[in-house]
Amino acid sequence: MQVAPAGVVIVGGGLAGSLLALALREQGATVTLIDPLPASDALSCSATAMSYGVLPGWPLASTPLARLAARASRQWHRLQQRHGDLGWRSQQLHLHGANAALSAVSRWLPFAQVDTAVLMARLPLVLAAAGVQSVSARVQSLASVPAGEGWELGFGDGGALRAECVVLAAGAACRTLWPALPERLRCSWAAVLELPAFPPALGRAAAWLPQRFARVALERRARTLEQVDWVVDSGLVPRGSGALLGQLSLIRPGGALEQPPLPAQSEEELRSGLASDPWGAAWARQPGRIRQAAVAFCSGGAPLVGPVPQAEGLWLFSGFSAGFAQVPVLAPLLAERLAAAPEPAARAERRLQQLGVWPVGG
Ligand SMILES: Cc1cc2nc3c(=O)[nH]c(=O)nc-3n(C[C@H](O)[C@H](O)[C@H](O)COP(=O)(O)OP(=O)(O)OC[C@H]3O[C@@H](n4cnc5c(N)ncnc54)[C@H](O)[C@@H]3O)c2cc1C
């Protein structure tokens, strides 16, 4: 049995776990980050790796969190100044399905994208340079040690680690590790087509997005679903030297993780959905590889950030529906709450309350 150095152990090295680890290092905390995969190989199973990574520079709702998230690009800019390239850049937006006036205006809106090919390649280097201790392993069990002595994490290879403070940032796998999480944390399966190149017919690489994402409405009605439901959004964004096309979102009743859908079936549903969309039809038969991942989301909208009720020393950082906008603004606040001196930590907690993400059981 290994004992983690005093500090914070984070389970999950996607966007949430990685940006929280960096923010904790800025607070001077000792951080251990556990994830089964080298990040650059994670394309087939992490939501972060196959995300569009887009960041609208305006609020998508009238909540305090949405207003703060609209300024996430500043935070990405700051992270890049500190750690080097993370794939963030301003990007041109083309909206389809909007009226002509809005379509014309869209390309002048403040808009950015994190290229997840760059992010996934750079994260392991950036984390190591920042002093984060990375452990390549899958956590298979999580148990509290009697007498409030922390947590024991069991690994697939039979190894174990004991830690005082554990943050679950394992996306859709959080509930598998600790079932007593709030019901509103659910999960969907997402699929995209990975194209080898950005279609030359569209000119300069840019984000081509629908005016509204059907995924958001599907997530809102997740709690009332009585049978499996799915939607297809026809977007296209550059990624590395290629592009990501379309977005299939599938939710099962109850929102449990369960088995992934068959890739061939996901591809068929994704291509059929594109074919039935006025903009997507032209791209429905583009050659590309199907990628799918389980994605955590909260049916109520706001993510879950804070201590898990009745589980001292266990924290949750998950359920983001727009993680690229929400995680970079919330990670520094959670890091302050976890690792700063009492006064700034209390200020950070009040700010998380104002943003409607704290407490987790609320
Ligand atoms: C197709 C698609 C497009 C999207 N587009 C956008 C967008 O344009 N803008 C936006 O803001 N958001 C977008 N999102 C949402 C965004 O990608 C997510 O909110 C974000 O990536 C979630 O990050 P995460 O770290 O919480 O989860 P994940 O990326 O799922 O990371 C979880 C990590 O936990 C690890 N893990 C799992 N189980 C264990 C275990 N037992 N032990 C240790 N580690 C474990 C996994 O390996 C993984 O690395 C999109 C999502 C999808 C699927």
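Annotations for the structure displayed:
- Search result, residues across the range 259-281 that are among the small types (G, A, S) and surrounded by 17 or more Cβ atoms within 10 Å (Cβ to Cβ): S266, G273, G280
- Residue in the range 125-136 that is open to solvent by 20 Å² or more (accessible area, probe 1.4 Å) and more than 23 Å from E26 (Cα to Cα) present: no
- The set of residues in the range 182-225 being part of a loop (DSSP other than H, G, I, E, B), charged (D, E, K, R) and in contact with a strand residue (DSSP E or B) (Cβ under 6 Å, 6 or more places away or on another chain) consists of R184 alone.
- For R25, the requirement of being away from the ligand (no atom under 11 Å from the Cβ), closer than 30 Å to G158 by Cα, not in a strand (DSSP E or B) and not small (G, A, S) is met.
- Output for the range 157-170, where each listed residue is touching a residue at least 40 places away in the same chain (Cβ under 8 Å) and either touching a Phe, Trp or Tyr at 6+ places or on another chain (Cβ under 9 Å) or surrounded by fewer than 20 Cβ atoms within 10 Å (Cβ to Cβ) (or both): G159, A160, L161, R162, A163, E164, C165, V166, V167, L168, A169
- Pairs where the first residue, in the range 200-214, is in contact (Cβ under 8 Å) with a residue 12 or more places away in the chain and under 17 Å from Q91 (Cα atoms) and the second is part of a strand (DSSP E or B) and among the hydroxyl-bearing types (S, T, Y), C-beta under 9 Å, 6+ apart: W208/S234; L209/S234; P210/S234
- Filter pass, Q140 being surrounded by fewer than 20 Cβ atoms within 10 Å (Cβ to Cβ) and under 30 Å from G84 (Cα atoms): no
- The single condition from (1) more than 10 Å from the ligand (Cβ to nearest atom); (2) within 19 Å of the chain's Cα centre (by Cα); (3) of a type in the set (A, V, I, L, M) that A197 fails is (2).
- Just one residue in the set L168, L218 is at negative phi and within 11 Å of the ligand (Cβ to nearest atom); that residue is L168.
- Subset of the range 282-294 (residues that are more than 16 Å from the ligand (Cβ to nearest atom) and basic (K, R)): R285
- Taken as a whole, the range 58-69 holds at least one residue that is small (G, A, S), out of contact with any Phe, Trp or Tyr (no Cβ under 6 Å at 6 or more places or on another chain), at pLDDT 95 or above and farther than 30 Å from Q259 by Cβ.
- Qualifying residue in the range 221-239 (condition: of a type in the set (F, W, Y), modelled with pLDDT of 95 or more and closer than 30 Å to P307 by Cβ): no
- The set of residues in the range 257-281 that are within 15 Å of the ligand (Cβ to nearest atom), touching a residue at least 60 places away in the same chain (Cβ under 8 Å) and either in contact with a helix residue (DSSP H, G or I) (Cβ under 6 Å, 6 or more places away or on another chain) or of a type in the set (A, V, I, L, M, F, W, C) (or both) comprises L257, L270.
- Residues being modelled with pLDDT of 95 or more and within 30 Å of W151 (Cβ to Cβ) are entirely absent from the range 88-104.
- Single unsatisfied condition, E149 versus (1) buried (at least 17 other Cβ atoms within 10 Å of the Cβ); (2) part of a loop (DSSP other than H, G, I, E, B): (1)
- Residue under evaluation R215, criteria (1) within 18 Å of the chain's Cα centre (by Cα); (2) open to solvent by less than 50 Å² (accessible area, probe 1.4 Å); (3) among the charged types (D, E, K, R), criterion not met: (2)
- In the range 303-344, the qualifying residues are those that are more than 29 Å from A143 (Cβ to Cβ) and more than 8 Å from the ligand (Cβ to nearest atom), and the one that is least open to solvent (accessible area, probe 1.4 Å) is P328.
- The range 59-94: number of residues that are open to solvent by 30 Å² or more (accessible area, probe 1.4 Å) and more than 13 Å from Q326 (Cα to Cα): 12
The values are calculated or read from the model by the stated rules, or taken from the named source; none is laboratory data. Source: prediction; values computed, not measured. Because the Cβ atoms are built from the backbone with ideal geometry, glycine has one as well, and the counts that use them run over all protein chains shown. Protein only, heavy atoms only, side chains kept; ligands, DNA and RNA dropped before computing areas. Shrake-Rupley method; radii C 1.70, N 1.55, O 1.52, S 1.80 Å.
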